[in-house]
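First comes the structure, then the notes that go with it.
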Amino acid sequence: MHPGMERVLLSKDEIEDRVKELARAISEDYQGKELLLVGILKGAAVFLADLMRHMSIDVRIDFMAVSSYGASSKSTGVVRILKDLEQSIEGRHVLVVEDIVDTGLTLNYLLEILRARDPASVRICALLDKPSRREIEVPVDYKGFAIPDEFVVGYGLDFNEKYRHLPDIYVLKKEVYQG
Ligand code: IMP
C-alpha cells in the first residue's frame, strides 16, 4: 500500500460491482430517453468513464469544471465555473455525475445554475456520500456508497492533485492532510 494511506476503504472490485449496478438502474430509468451525462471535473472523470461503459442506453457526455470562491479550503457554496458545458441543455435530460457529496454546497449551487437553463430534468449521481457532513440538503438520486467522515483519495479523488490514478479508494492518513 502507498505510504500515505491509512487503509483501503473500497477495493476496485467493490467499486466495479457498484458502478455496474448504478449503470443498470440508470439505463432502466432513462430507457427510450436521450440522456446527457455531465461529469464534474476532475474528480468524476474516472467514475464517469466506467459508468458510461456499463450503460445499455445511448448517452452523450459533457463536462463542467467548477471551483469554490476564495482561498479557504472550506466550501462557501458559491462556485465559479472554470469550464462550462459545450452544449445547450434546454429540453434535455441531464444526469450530473459527481465523485463525492460532502457539505452539498457545490452541488446545490450547480443545480441552481443547471435548472435555470430549462432542462427536461436534472438528477444527481454521486459515487460517494458523506452524509454526516451535509450542510444543505441535495437530492442524490443515484448513490454509490455512503462513507464515514474521513478524507478519501483514489479512483479520481485527489489530495492536492495527487492520487487520482489509484484504482482503489483509500482513507488518507491524517498526518498527510493535517500537515
Ligand atoms: P461539497 O461542496 O462540500 O459537497 O464539496 C464536494 C467536493 O469536495 C467534491 O467534489 C470533492 O472535490 C471535494 N471533496 C470532499 N470530500 C473529499 C474527500 O474525502 N476526498 C477528496 N475530495 C473531497
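The values are calculated or read from the model by the stated rules, or taken from the named source; none is laboratory data. All of these numbers come straight from a predicted model, not from anything done at the bench. Backbone-built Cβ (ideal geometry, glycine too); neighbour counts: all protein chains shown. With ligands, DNA and RNA removed, areas are computed over all heavy atoms of the protein, side chains included. Shrake-Rupley method; radii C 1.70, N 1.55, O 1.52, S 1.80 Å.
Odds and ends about this structure:
- Value in Å of the Kirkwood radius, where the chain supplies the Cα pairs that are averaged: 16.7 Å
- Efficiency of FRET between S88 and I61 - r from beta-carbon atoms, R0 22 angstrom, step 0.05: 0.90
- Using alpha-carbon coordinates, inclination of helix 105-115 to the longest axis of the chain, degrees: 10 degrees
- Here the Karplus curve 6.51 cos²θ - 1.76 cosθ + 1.60, taken at θ = phi - 60°, turns the phi angles of segment 156-164 into couplings of x, 7, 10, 10, 6, 6, 9, 6, 4 Hz, with x standing for Gly and Pro.
- DSSP-defined antiparallel bridges as percent of all bridges, the chain, nearest 5: 35 percent
- Excluding exposed DSSP-loop GluC sites (Glu not before Pro) (at most 10 other C-beta within 10 Å), longest clean stretch of the chain: 1-85
- Stretching D149 away from H54 to a fully extended chain increases their span by 31.3 nm, per 0.36 nm per residue minus the current alpha-carbon distance.
- Straight-line cross-link partners of K162 among the aspartates and glutamates, defined as a Cα under 16 Å from its Cα and at least 8 positions apart when in the same chain: E6, D99, E175.
- Solvent exposure of segment 92-178 as accessible area per residue, Å², 1.4 Å probe: 45 Å²
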